[in-house]
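> What follows is a single structure, and I will ask about it in a moment.
The values are calculated or read from the model by the stated rules, or taken from the named source; none is laboratory data. Here the structure is a predicted model, which is why all the values come from computation and not from measurement. A quick note on method: Cβ atoms are made from the backbone with ideal geometry, for glycine too, and the neighbour counts reach across all protein chains shown.
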Ligand code: SPV
Ligand code: MN
């Protein structure tokens, strides 16, 4: 027999029951009652928007041992388990009612079977533990973009991370009242051993689209547990699809053009392809680095950052390459480091350009140089996916519109993947549809040594959103195409590629060249430069890049470099089109016809040029067109 909510009153901390009651939300109360019955926590804390409540979570994170204090004021460190260092795609499943089919790219299972399994794993899991009930708002508060969400978790680390990453939402539950849909998130780290989830072999992340709910268990890694991040993103993809707006795996940045001009861009990149470093480029301002909601407002395309902080990869953050993040991570302010090496209260990580200690504490416990795991593999001092969690307001380059309830007007959209041999470093699509279909829908990323499995394997990842897709792929593409109907001055779409190599395997572009590419895109959006039309898009003219390289990087940009970078590689482009056509033809039942047509047209253009000029065509050979 289910116990009523009121019968749990005695386990609520002082004031917590009243805080819940005063929201007067029957759907919320029913949800909490159901999970109190399943989870059986020993105490319950309801976090309102009050500062003392936020402080309580910070304090609990230290007391529980999930975080430890570091030397610098406000800095803490958290470790996830040895086998819990990344998003677990195989154990992340959509729970679908009997008659719904998603296709092979989405991991799904029968809804009822999934609920039964999950509720079995969650049964009594919080006995002896405290349950935190936290209210958040996805997107800025008081906005048409706002989505209220409630998180149930027994992890103070998860709760603390969410405080840094998301806007407080208790007030938003009050404002929006019971009529509004809210997202429901349930998490338990499960049984802990030495402070980390013990049963990671029974780790599960299940998404119940029908009930706007995500449950995860036996894991602590942020990507699996921070319900407001990639878990809510899946719910938002469904909600936005139903309501005619977009949820994207995108950064938002302000690119500062000539004079006072500020032009906002969004950009989609698969994990570990330079998304955060693009959002953080020197000289520009950051609105967000991971998730954006996009809406049409008064005939304009506007975007907000769903988050207010960064859960960023710390690898390769160093004073030369990322001076702004470095400054923030080495001075007093609130930061959670995860899965780095700690030695004498100082965190160290891969690529920090400091002398590495020979021992310390890391995600494998006590660590000493040369330590091997049970499979004989050497354990690096810091995990390649080690992270930092920090509020955007802590950064000197935070854009002033971060909290604007109307978001920022987007004039350019960027798609970028890890591609060693096909696409030029930067190009603009002919128009919105061409960009969505040939750049967004064909996005691929090569695996790196940092991910499991073989390096250099191309993974299809449309709009970098495949991992989070909660609707059929064809429908999602159609939504993107239709989204700009009624938008005056549609945003320009660009593709970038920071990873192009020559035949010898040497990178053709430098680490900082992306600063030039974004400036060129800003000029293109504002019709300030001419371009060369190629079969795949518009590319820069050498002289414009030469000026930009000089102005921005103080460097002489050589014409021979330009030629190498912007040579059209026809066989590789044709092979890519064929790979992608095959995926859509074989795996995606509802692919829009226009996708096949547009890719076939691109193929035809490439073949025509190839017949005239050969396999590799230098930019100067391609026709110059005036804008
Ligand atoms: C990503 O992997 O795309 C991230 C980190 O932004 S995670 O929270 O794991 O999704
Ligand atoms: Mn991401």
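> Restricting the search to the range 250-277, which residues are part of a loop (DSSP other than H, G, I, E, B) and within 13 Å of ligand 1 (Cβ to nearest atom)? Give the derivation first.
Residues of the range 250-277 part of a loop (DSSP other than H, G, I, E, B): 257-261, 269-274.
269, 270, 271, 272, 273, 274 - these are the residues of the range 250-277 that are part of a loop (DSSP other than H, G, I, E, B) and within 13 Å of ligand 1 (Cβ to nearest atom).
> While we're on this one: Identify all residues within the range 216-249 that are in contact with a strand residue (DSSP E or B) (Cβ under 6 Å, 6 or more places away or on another chain), more than 16 Å from ligand 1 (Cβ to nearest atom) and under 21 Å from residue 137 (Cβ atoms); write none if there are none.
Selection gives 240, 245, 246.
> Could you tell me how many of the residues in the range 12-34 are closer than 24 Å to residue 124 by Cα and touching a strand residue (DSSP E or B) at 6+ places or on another chain (Cβ under 6 Å)?
Here the count works out to 5.
> Check the range 467-488 and report whether any residue there is within 16 Å of ligand 2 (Cβ to nearest atom) and either part of a loop (DSSP other than H, G, I, E, B) or surrounded by fewer than 19 Cβ atoms within 10 Å (Cβ to Cβ) (or both). Please lay out each step first, then the result.
Let us first name the residues in the range 467-488 that are within 16 Å of ligand 2 (Cβ to nearest atom), namely 467-470.
Still in the running and either part of a loop (DSSP other than H, G, I, E, B) or surrounded by fewer than 19 Cβ atoms within 10 Å (Cβ to Cβ) (or both): 469-470.
Taking every residue of the range 467-488 in turn, at least one turns out to be within 16 Å of ligand 2 (Cβ to nearest atom) and either part of a loop (DSSP other than H, G, I, E, B) or surrounded by fewer than 19 Cβ atoms within 10 Å (Cβ to Cβ) (or both).
> When the range 432-446 is examined, which residues are found to be assigned to a strand (DSSP E or B) and free of Cβ contacts under 8 Å to residues at least 60 places away in the same chain? Break it down into steps so the answer makes sense when it comes.
Step one: of the range 432-446, the residues assigned to a strand (DSSP E or B) are 444-446.
Of everything in the range 432-446, just one residue is assigned to a strand (DSSP E or B) and free of Cβ contacts under 8 Å to residues at least 60 places away in the same chain, namely 446.
> Next question, about the same structure. Out of the residues in the range 174-208 meeting the condition of being assigned to a helix (DSSP H, G or I) and in contact with a helix residue (DSSP H, G or I) (Cβ under 7 Å, 6 or more places away or on another chain), tell me which one is farthest from residue 122 (Cα to Cα). Working first, answer last.
To start, the set of residues in the range 174-208 that are assigned to a helix (DSSP H, G or I) comprises 174-179, 200-202.
Restricting the remaining residues to those that are in contact with a helix residue (DSSP H, G or I) (Cβ under 7 Å, 6 or more places away or on another chain) gives 178, 202.
On the way: 178: 27, 202: 11 Å.
The selected residue is 178.
> Oh, and also: Looking at the range 307-316, which of its residues are in contact with a strand residue (DSSP E or B) (Cβ under 7 Å, 6 or more places away or on another chain), more than 11 Å from ligand 2 (Cβ to nearest atom) and outside any strand (DSSP E or B)? Outline the logic, then answer.
Of the residues in the range 307-316, the ones in contact with a strand residue (DSSP E or B) (Cβ under 7 Å, 6 or more places away or on another chain) are 307-314.
Of the ones still in play, those that are also more than 11 Å from ligand 2 (Cβ to nearest atom) are 308-309, 314.
Of everything in the range 307-316, those that are in contact with a strand residue (DSSP E or B) (Cβ under 7 Å, 6 or more places away or on another chain), more than 11 Å from ligand 2 (Cβ to nearest atom) and outside any strand (DSSP E or B) turn out to be 308, 314.
> So residue 310 passes all but one of these: (1) closer than 20 Å to residue 220 by Cα; (2) within 16 Å of ligand 1 (Cβ to nearest atom); (3) free of Cβ contacts under 8 Å to residues at least 40 places away in the same chain. Which condition number does it fail?
Failed condition: (3).
> Within the range 138-165, can you find the residues that are within 17 Å of residue 183 (Cβ to Cβ) and assigned to a loop (DSSP other than H, G, I, E, B)?
Selection gives 139, 140, 141, 143, 144, 145, 146.
> Moving to a separate point now. Given the conditions (1) assigned to a strand (DSSP E or B); (2) within 15 Å of ligand 1 (Cβ to nearest atom), report the number of the one that residue 303 does not fulfil.
Evaluating residue 303 over (1) assigned to a strand (DSSP E or B); (2) within 15 Å of ligand 1 (Cβ to nearest atom) leaves (2) as the failure.
> With 380, 389 as the choices, which residue is in contact with a helix residue (DSSP H, G or I) (Cβ under 6 Å, 6 or more places away or on another chain) and under 20 Å from residue 81 (Cα atoms)? Before you say what the answer is, go through the steps one by one.
Values: 380 fails: in contact with a helix residue (DSSP H, G or I) (Cβ under 6 Å, 6 or more places away or on another chain).
After applying the criteria, what remains is 389.
> When you scan the range 202-214, do you find a residue that is within 23 Å of residue 43 (Cα to Cα) and modelled with pLDDT of 95 or more, even just one? Break it down stepwise before answering.
Of the range 202-214, the ones within 23 Å of residue 43 (Cα to Cα) are 213-214.
Next, from what is left, pick out any that are modelled with pLDDT of 95 or more: 213-214.
Checking the range 202-214: at least one residue is within 23 Å of residue 43 (Cα to Cα) and modelled with pLDDT of 95 or more.
> For the range 188-213, name all the residues that are within 16 Å of ligand 1 (Cβ to nearest atom) and more than 26 Å from residue 65 (Cβ to Cβ).
207
> Of all the residues that make up the range 447-476, how many are touching a strand residue (DSSP E or B) at 6+ places or on another chain (Cβ under 8 Å), under 15 Å from residue 268 (Cα atoms) and away from ligand 1 (no atom under 14 Å from the Cβ)?
Number satisfying all stated conditions: 1.
> For the list (1) buried (at least 20 other Cβ atoms within 10 Å of the Cβ); (2) within 26 Å of residue 396 (Cα to Cα); (3) without any contact (Cβ under 8 Å) to a residue 24 or more places away in the chain, I need the number of the one condition that residue 328 fails.
Of the numbered conditions (1) buried (at least 20 other Cβ atoms within 10 Å of the Cβ); (2) within 26 Å of residue 396 (Cα to Cα); (3) without any contact (Cβ under 8 Å) to a residue 24 or more places away in the chain, the odd one out for residue 328 is (3).
> Any residue at all in the range 225-232 that is in a strand (DSSP E or B) and within 30 Å of residue 96 (Cβ to Cβ)?
No, because not a single residue in the range 225-232 is in a strand (DSSP E or B) and within 30 Å of residue 96 (Cβ to Cβ).
> May I pose another question? Confirm whether residue 589 is in a loop (DSSP other than H, G, I, E, B) and either within 30 Å of residue 479 (Cα to Cα) or not assigned by TED's automatic domain parsing to the domain that holds residue 476 (or both).
Working: in a loop (DSSP other than H, G, I, E, B): yes; either within 30 Å of residue 479 (Cα to Cα) or not assigned by TED's automatic domain parsing to the domain that holds residue 476 (or both): yes.
In short, yes.
> Inside the range 128-137, can you point out the residues that are in contact with a helix residue (DSSP H, G or I) (Cβ under 9 Å, 6 or more places away or on another chain) and part of a loop (DSSP other than H, G, I, E, B)?
Going residue by residue through the range 128-137, those that are in contact with a helix residue (DSSP H, G or I) (Cβ under 9 Å, 6 or more places away or on another chain) are 129-137.
Listed by number, the list holds a single entry, 129.
> May I pose another question? When the residues of the range 278-293 are filtered to those that are within 16 Å of ligand 2 (Cβ to nearest atom) and assigned to a strand (DSSP E or B), which remaining residue is surrounded by the fewest Cβ atoms within 10 Å (Cβ to Cβ)?
Going through the range 278-293, the residues within 16 Å of ligand 2 (Cβ to nearest atom) turn out to be 278-280, 286-293.
Next cut, assigned to a strand (DSSP E or B) only: 286-288, 292-293.
Numbers: 286: 23, 287: 26, 288: 25, 292: 27, 293: 29.
Per the stated criteria, the residue is 286.
> Please work out which one of (1) in a helix (DSSP H, G or I); (2) more than 21 Å from residue 320 (Cβ to Cβ) is the condition residue 518 fails and give its number.
With respect to (1) in a helix (DSSP H, G or I); (2) more than 21 Å from residue 320 (Cβ to Cβ), residue 518 is out only on (2).
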